[in-house]
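This report refers to the structure that appears directly beneath it.
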Amino acid sequence: MPKTPSPCIDVCKFKREGHCIGCSMTKSQKSIFKRLKKDSQRDGFVTMLMAQQEVMGKYAGWRIAYAKKCKKKGAEAPFKLVN
């Protein structure tokens with residue numbers, strides 16, 4: 001199974017207060033994710049990112065976009081979509 005892909009959902013050229021408006025990551029968080037090699041570490045990072053998004057608000061569309069990215073890359077999203 002392919003590694004968990006980056007949480008970046010390809011709209012990162014738009015910034016708000018140092019955070020990406022697509023995924024909520026800062027530049028340092030993006031660098032950290034790139035250095036993670038194990039899927040368990042990457043899954044943990046995505047879990048942390050979802051908690052950050054919950055606190056910041058306005059990131060409801062990220063989960064759907066990220067799940068699509070995972071599917072396209074042949075990886076399983078580290079969370080379940082609940083309707």
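The values are calculated or read from the model by the stated rules, or taken from the named source; none is laboratory data. It should be emphasised that the depicted structure is a prediction, and the values quoted were computed from it without experimental measurement. When we count neighbours, we look across all protein chains shown, and the Cβ atoms used for this are built from the backbone with ideal geometry, even at glycine. The area values use the complete protein model at the heavy-atom level, side chains included, leaving out ligands, DNA and RNA. Shrake-Rupley method; radii C 1.70, N 1.55, O 1.52, S 1.80 Å.
From the list Lys3, Lys34, exactly one residue is outside any loop (DSSP other than H, G, I, E, B) and either in contact (Cβ under 8 Å) with a residue 24 or more places away in the chain or small (Gly, Ala, Ser) (or both). Which is it?
Values: Lys3 fails: outside any loop (DSSP other than H, G, I, E, B).
Lys34 is the lone residue from the list that is outside any loop (DSSP other than H, G, I, E, B) and either in contact (Cβ under 8 Å) with a residue 24 or more places away in the chain or small (Gly, Ala, Ser) (or both).
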Looking at Leu81, Leu49, which is the one that is open to solvent by 20 Å² or more (accessible area, probe 1.4 Å) and of a type in the set (A, V, I, L, M)? Leu81
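Restricting the search to region 52-77, which residues are outside any helix (DSSP H, G or I) and open to solvent by 40 Å² or more (accessible area, probe 1.4 Å)?
So the first thing to find is which residues in region 52-77 are outside any helix (DSSP H, G or I), and the list is 57-59, 74-77.
Within region 52-77, Lys58, Glu76 meet the criteria.
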